[in-house]
Amino acid sequence: MRFPAEPFRIKVVEPIKNTTQEERERLIREAGYNIFSIPAETIYIDLLTDSGTSAMSDNQWAGLMLGDESYAGSRNYYHFEQTVREIFGFKNIIPTHQGRVAENLLFSNILKEGDVVPNNIHFDTTRANVEYHKAQAVDCVIDEGLDPENPHLFKGNMDLNKLEAVIKKYGADRIPIIMLTITNNSGGGQPVSMENIRQVSELAHRYGIRFFFDACRFAENCYFIKEREEGYADKSILEIAKEMFGYADGCTMSAKKDGLVNIGGFVAVNDDEWAQRITNMLILIEGFKTYGGLAGRDLEAIARGLKEVLDENYLRFRINQTRYLGEMLADQGIPIVKPIGGHAVYLDARRFLPHIPPEQFPGQAIVVELYKRAGIRAVEIGSLMMAKKDPETGKMIPPSLELVRLAIPRRVYTNMHMQYVAEAITEIYHEREKLKGFEIEYEAEFLRHFTAKLKPVD
Ligand SMILES: *Cc1c(COP(=O)(O)O)cnc(C)c1O
């Protein structure tokens, strides 16, 4: 079967409320046409993010009851540590309550002012944590990774020439680590090939620089390697993960993605001295080294989730559910980013609504219409979220892409829900000429998309 059915059956259900279009029109108007200000209970299908929104298994829920809430030395910590070591292989494993704390702990201990961190594309919290330490976050993804229509199979790959040029420009002593984000979230959930991982590792180590993964979606990346890269078809996901992490010196991880849990993360490093410094700071800001801001039961859920995420039946469904939604849209001629990534489908709002200029937020027009018509929540990743301002004229400089992201929570929605989403978007696409843009009534100085108030353009 091309699109496998759900590899699970449903034991507990969470009812979702149905609102009327009238109610939703009122709610979105009162929210200043900002989807972040909408009560989640009035949403039928929530595709805002895949982070922390996973459904846990019966096995994970059972594990919660075995939580050992001892302050030090909880048995769940040992289970967590053993599981992470088995998959990731790193020597020191330090739990945190989410990914950005792992980043903060790592960077606080290794970065100094003027340092540089190359990555394929930094995720926003990673970039912000680098810049907070007055260091520079440099993106070195291959050019194909920036082109929404390029069919390259590993669009998350690092451009080795760009990377080496950065090393030569700043000098290896100003680059404490080189990172690779797998899959590349900000580039559309695109994978990095094993070949590229090996080459980045070699290049880093040749210059005496350590190599780290931002590993949030490591299992999805492994699945793409198995599916697309020569020599991996017969390897298990665990074997692929072990080889991959074997090239690196450590990683940061948000378990809210491929940990299949609602909260949690960790930082892992081989270097004992780095681990010591990070642990000392962990104790200062997060908690003792055997719980790191989490309850014992959370650590148990992560340990179990990390094993479940390696299941090939799960991953086959996961990747193909995303692909299923993407292909239903592409079959209708709806412009999306290709190839379809691991955790989300991205609509290309510029091509969807060519009559609405970036200054009037075409992506937001789609987001608002999707909520009004169908109770679906998506998120704009375009001018509203990412535009810069010309310091002299004050005019908006739009980003290169106007996208709408449909992120798919893990194990939460069925393929019939995906059909519903595809039908709603198709309906909107057929009436796209009627959609109008928006203008801003209120905006904050930073991260305006979270709190902006908008109104429709006449
Ligand atoms: C989500 C995410 C993070 C940050 O993790 P949080 O758990 O949200 O703090 C870092 N990097 C990538 C690639 C992510 O997707």
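The values are calculated or read from the model by the stated rules, or taken from the named source; none is laboratory data. Predicted model, so just to flag it, every value in this text is computed and none were measured. All Cβ positions, glycine included, derive from the backbone under ideal geometry; neighbour counts span all protein chains shown. In case anyone asks, the SASA skips ligands and DNA or RNA and just uses the protein heavy atoms, side chains included. Shrake-Rupley method; radii C 1.70, N 1.55, O 1.52, S 1.80 Å.
Of all DSSP beta bridges in the stretch 58-308, what percent run antiparallel (nearest 5)? Walk me through the numbers before you get to the answer.
On the way: 12 of 24 bridges.
Rounded to the nearest five, the antiparallel share is 50 percent.
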Problem - Mean projected area (nm²) of the alpha-carbon convex hull when the stretch 279-349 is viewed from all directions - result: 7.5
Problem - For the chain, average projected area of the Cα convex hull in nm² - result: 22.0
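Restricting to DSSP H runs of at least four residues, report the calculated mean residue ellipticity at 222 nm for the chain, -39500 (n - 2.57) per run over all residues, nearest 500 deg cm²/dmol.
-12000 deg cm²/dmol
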Practice task
Average the reciprocal distances over every distinct pair of alpha-carbons in the stretch 411-453, invert the result, and give the Kirkwood radius in Å.
Solution key: 13.5
Exercise for the section: Let me know the Rg and Dmax you get for the stretch 105-249 when you use only its Cα atoms, in Å. Expected result: 14.6, 46
Practice task
Kindly rank 175-188, 345-358, 275-288, 14-27 from highest to lowest mean number of other beta carbons found within 10 Å of each residue.
Solution key: 175-188, 345-358, 275-288, 14-27
Handout entry: Accessible area in square angstrom per residue, the stretch 58-308, 1.4 angstrom probe
Key = 38
Exercise for the section: For the stretch 58-308, give the percent of accessible area contributed by carbon and sulfur heavy atoms, probe 1.4 Å, rounded to a whole number. Expected result: 49
Problem - Of every Cα-Cα pair in the stretch 58-308, the percent that sits beyond 24 Å - result: 44
Problem - Listed residue (SER70, ASN196, ALA407) projecting farthest to the positive dipole end of the chain, Cβ model - result: SER70
Completion exercise
trypsin sites (Lys or Arg not before Pro) in the stretch 32-125 lying in a DSSP loop, each with at most 14 other Cβ atoms within 10 Å of its Cβ, come to LYS91, LYS112
Practice task
Quote the charge dipole size of the chain about the Cα centre in Debye, to the nearest 20; the model charges only the Cβ of Lys and Arg (+1) and of Asp and Glu (-1).
Solution key: 280
